[in-house]
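Asker: First, the structure itself, so that you have it in front of you.
Every read-out reported here was derived from the displayed coordinates using simple, explicitly stated rules and does not represent laboratory data. No experiment lies behind these values; they were computed from the predicted model shown. Cβ sites come from the backbone with ideal geometry, for glycine too, and all protein chains shown count toward neighbours.
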Amino acid sequence: MGNLRPITIGEIDYANAWPLFKSFSSHAKPLPYEIVSRVPAELNRLLHAGELDVSAISSFSYGQYCRDYVLLPGLSVGSIGRVHSILLFTKEPLEKVKPRRIAVTTASATSVNLLKIIMAMRFELEPEYVPAEPKLEEMLRIADGALLIGDPAITASWSCSGLHMLDLGEIWNSWTGLGMTYAVVAARRAAAQQQSDALAAVFRAMHGSKNELLRDPNRLVTRACGLIGGEAAYWRTYFQSLRYDFCEKLQDGLALYFKYAKELNLLQHEVDFSFYEEQSPQKVKE
């Protein structure tokens, strides 16, 4: 494709991102590429450092570095309502006991800041937030609540007897009436200019993977049961509840999230959405 090296692609290492990646290879031929699979926080770092050309990243990380990135349209991980895998576990219900300390996962930036926004602006609470490895029992030894995301949140939700569980996607939707986008797919502007043909191929292959797997989610369900466990019915509901299209309602929800993040000084600047254009890869639509 006229590039000097394979294009490097970051893959979120959670089930919620599988539709974007698990049939990617069958749609990417003959593209030379390298996929790096990590948790969102690590992909955020790698893309910002220039060690990846394009990646699924935390939405919050796009907000931090939006001037350096372009978004790939129609590709995201979000929900309009329950997300099932971004969960706050507390020892007591919020209306009964205000948490003084919450242990938060180190794996993602979007979810931690979504929790801070919800706590401050929806519940008018200001607990201390303590970064911790995603191990529920250990987190609750040092805190009144624990935020988990991804596959660890799912497996914890199956065995959290005696704890109270809040789904942040559900809370956000009931509060704002909008969807929430937890991860986006972004490319470095330099890659959009210097590896335009390869980026166009990545864009098409990710859409091909998404469309193929969402059309027949049984492959996703079978994979999840085998690798993570649980019942097929749970996984069907899980994948059906997620949104991968970054539609207008999800964009509006993410814009509001960024607005609140700036008001709380979690972000230092306003965030604009710049989209990659497949027909003219060196341009972006503001």
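Asker: Which residue is farthest from THR90 (Cα to Cα), if the candidates are limited to region 175-189 and must be in contact (Cβ under 8 Å) with a residue 60 or more places away in the chain and outside any strand (DSSP E or B)?
Answerer: ARG189
Asker: Every residue in region 72-100 that is surrounded by fewer than 16 Cβ atoms within 10 Å (Cβ to Cβ), basic (Lys, Arg) and in contact (Cβ under 8 Å) with a residue 12 or more places away in the chain, please.
Answerer: LYS91, LYS98, ARG100
Asker: Scan ALA103, ALA107, ALA120 and give me the residue that is surrounded by 20 or more Cβ atoms within 10 Å (Cβ to Cβ) and farther than 21 Å from PHE21 by Cα.
Answerer: Within the list ALA103, ALA107, ALA120, the selection yields ALA103.
Asker: Which residue pairs have Cβ atoms under 8 Å apart, sit 6 or more places apart or on different chains, and have a first residue in region 237-248 that is farther than 10 Å from VAL83 by Cα and a second that is in a helix (DSSP H, G or I)?
Answerer: Listed pairs, sorted by first residue: TYR244/PRO19; TYR244/LEU20; TYR244/LYS210; TYR244/LEU214.
Asker: Right, here's the next one. For region 143-171, which residues satisfy the criterion of being crowded, with 24+ Cβ neighbours inside 10 Å and over 15 Å from the mean Cα position of the chain (by Cα)?
Answerer: Of everything in region 143-171, those that are crowded, with 24+ Cβ neighbours inside 10 Å and over 15 Å from the mean Cα position of the chain (by Cα) turn out to be GLY145, ALA146.
Asker: Tell me whether region 239-246 contains one or more residues that are more than 13 Å from ALA15 (Cα to Cα), charged (D, E, K, R), out of contact with any strand residue (DSSP E or B) (no Cβ under 6 Å at 6 or more places or on another chain) and surrounded by fewer than 17 Cβ atoms within 10 Å (Cβ to Cβ).
Answerer: no
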